[in-house]
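Right, one structure below, let's go through it.
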Amino acid sequence: MIGIQVNTLHELESLVKVTDILQIDVLQLFLKIPFEFSRKNFFHIQSIFNTLKKTYAIKKIYIHAPDHLLLNGSGRKSRILQWKRLKEMLNQTSYLGGDGVIAHLQFSEHATIHELAEESDMVFWNQPPSIPLVLENVIKQHSIGSNLAMMSDFIRLIRQSLYCEVCLDTAHLYQTGYRFHDKEEAFLLKEAHPYLFQHTTVLHINDSKMPINSHLDWHEHLGRGYIGLGSLGAFISLFDHSKAFIIETPKKRFDDFIANTDILRRLVSGNIKTESIE
């Protein structure tokens, strides 16, 4: 599935008119303000989601949690508050007809994964969400989400009580020092973290404006950054067509959407594992 990210409700409304041009299957909505929802526009957004799915055959719609909902609280009280806010966001997204909430996993390594899982369980045990919380790898040093081994252990533990999936961002991987230069190197990365890759359902396919291990989160148009199309294709080859491949590349014009989605479509069709196609 090929998809794009939109950042405002205006972009979302405009997207309905051009979905046929882009030929996308999945959509990610990133809102900087907490959901930008009110009683007035809630049903309007729900109507747009319904139109995108029923009329334009969009298969999945994800909402990306805003920056203030990074899972990065340093204290127990603040972390529990963030879990509660995410729970509310998951419920709202479900009512809208969305298929999951994506959030950056930026918890510090100073908190143990068992403590974090316990705090999550306190919030979700009596009302688990009907759609997944999709946890994304990050670039911040000394965080669970930038260490794939720790992230894998955390996902394994938290999935015992919470509907949870994984999002891997190619730029974030590269910017934290993970290499996938060719298919052999990409396969070794998957072999090193099999559980994490097994539960990955969303891929953010972005080139990097910064060199490897820079820990600076700057995305670039596909093929114009330090990663390059060959490495992006090698990474994509690890997954099958059932996954959501989403671009978060810079955009100043609508043509940027067209150019990057066209490149992504060619990368996916040329590098996907044919034995995994259903």
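Here, each number is a calculation from the coordinates, and none is a lab measurement. These numbers come from a predicted model, not from an experiment. All Cβ positions, glycine included, derive from the backbone under ideal geometry; neighbour counts span all protein chains shown.
A few notes on this one:
- Spatially, region 64-102 and region 39-63 are offset by 20 Å when compared through their Cα centroids.
- Annotation for region 143-187 versus region 202-275: alpha-carbon center distance of 17 Å.
- From least to most packed, judged by other beta carbons within 10 angstrom and beginning with the fewest, Asp20, Asp99 follow the order Asp20, Asp99.
- For Lys251, a cut-off of 15 angstrom between C-alpha atoms picks up these aspartates and glutamates, skipping any fewer than 8 places away in its own chain: Glu11, Asp207, Glu220, Asp262.
- Computed from the Kirkwood radius of its Cα pairs, the Stokes-Einstein diffusion coefficient for region 165-236 at 20 °C and 1.002 mPa s stands at 179 µm²/s.
- Comparing Leu27, Leu188, Leu96 in a Gaussian network model of the chain, where Cα atoms under 10 Å apart are tied by springs, the biggest mean-square fluctuation is seen for Leu188.
- Largest mean-square fluctuation among Ile227, Ile48, Ile236, in a Gaussian network model of the chain whose springs join Cα atoms under 10 Å apart, belongs to Ile48.
- Here is how the number arises for the chain: DSSP H runs of 4 or more residues each give -39500 (n - 2.57), the sum is divided by the residue count, and the result at 222 nm is -13500 deg cm²/dmol.
- Burial order of peptide ranges 109-119, 161-171, 80-90 (average beta-carbon count within 10 Å, highest first): 161-171, 80-90, 109-119
- Restricted to Cα atoms, region 86-173 shows a radius of gyration and a Dmax of 12.8, 37 angstrom.
- Partners for Lys77 among lysines (Cα-Cα distance below 17 Å; same-chain residues under 8 apart left out): Lys87
- By the beta-carbon count within 10 Å of each Cβ, the least crowded to most crowded order of Trp218, Trp125, fewest first, is Trp125, Trp218.
- Least to most buried among Ile24, Ile61 (fewest other Cβ within 10 Å first): Ile61, Ile24
- Remark: for residue pairs Lys59/Lys209; Lys140/Lys209; Lys183/Lys243; Lys54/Lys252; Lys84/Lys190; Lys17/Lys60, the C-alpha separation exceeds 23 Å in Lys59/Lys209; Lys54/Lys252; Lys84/Lys190.
- This structure gives Rg and Dmax of the Cα atoms in Å, computed directly, and of (i) 22.5, 73; (ii) 20.6, 61; (iii) 17.9, 52 that value is listed as (iii).
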